[in-house]
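The values are calculated or read from the model by the stated rules, or taken from the named source; none is laboratory data. On a predicted model such as this, the values are computed, not experimentally measured, just so you know. Note: ideal-geometry Cβ built from the backbone for every residue, glycine included; neighbour counts use all protein chains shown.
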Amino acid sequence: MKTNAAPLDLDLVFDALGNAHRREIISMLGLQPVSISDLALQRKISLQAIHKHVNLLVEAGMVTRKKSGRVTFLTLNRASMRGIQDWVTKFQAHWDGGTETLENYAQTVEFKKKLKKEKE
């Protein structure tokens with residue numbers, strides 16, 4: 001089983017984030033490490049279900065397991081969150097500019113068609 005996704009495998013990460021329970025686990029781990037049994041109690045789901053969710057998060061490189069005696073704690077792999085942020089940031093310039101809208105694109109295509117017809 002993969003325990004650290006480096007470089008970040010975005011397919012695994014987005015698959016893992018595609019479930020509300022796993023997103024909530026990530027939110028909880030963003031505050032502090034949590035034991036698997038505490039997660040099950042707080043989320044009100046079975047240990048078996050928690051293990052399934054945790055395994056997917058570990059496989060995606062988003063969560064790390066650390067055993068202390070008989071208790072397994074989970075911690076958030078903050079590097080995976082930075083990887084997601086880096087990927088999303090690539091598109092921020094396009095979102096913030098507001099100049100590249102579908103309407104503007106359609107107008108540009110129509111204008112190019114018109115110019116092409118005028119040349120013919």
Q: Report, by residue number, each residue of the stretch 31-54 that is under 13 Å from F73 (Cα atoms) and not hydrophobic (A, V, I, L, M, F, W, C).
A: Q32, P33, S35, S37, D38, H51
Q.
Return the residues of the stretch 55-70 that are over 13 Å from L12 (Cα atoms) and either crowded, with 19+ Cβ neighbours inside 10 Å or of a type in the set (V, I, T) (or both); say none if nothing qualifies.
A. T64
**Q.** Residue identified as at pLDDT below 95, more than 15 Å from the chain's Cα centre (by Cα) and not basic (K, R) among T89, T72
**A.** T72
(Q) Would you confirm whether or not the stretch 79-94 contains a residue that is more than 23 Å from L12 (Cβ to Cβ), surrounded by fewer than 13 Cβ atoms within 10 Å (Cβ to Cβ) and not polar (S, T, N, Q)? (A) yes
Q) Would a scan of the stretch 32-39 turn up a residue that is out of contact with any strand residue (DSSP E or B) (no Cβ under 8 Å at 6 or more places or on another chain), farther than 24 Å from F14 by Cα and of a type in the set (G, A, S)? A) no
Q. Just a yes or no: is a residue in the stretch 38-61 within 22 Å of the chain's Cα centre (by Cα), at pLDDT 90 or above, within 22 Å of E24 (Cα to Cα) and part of a strand (DSSP E or B)?
A. no
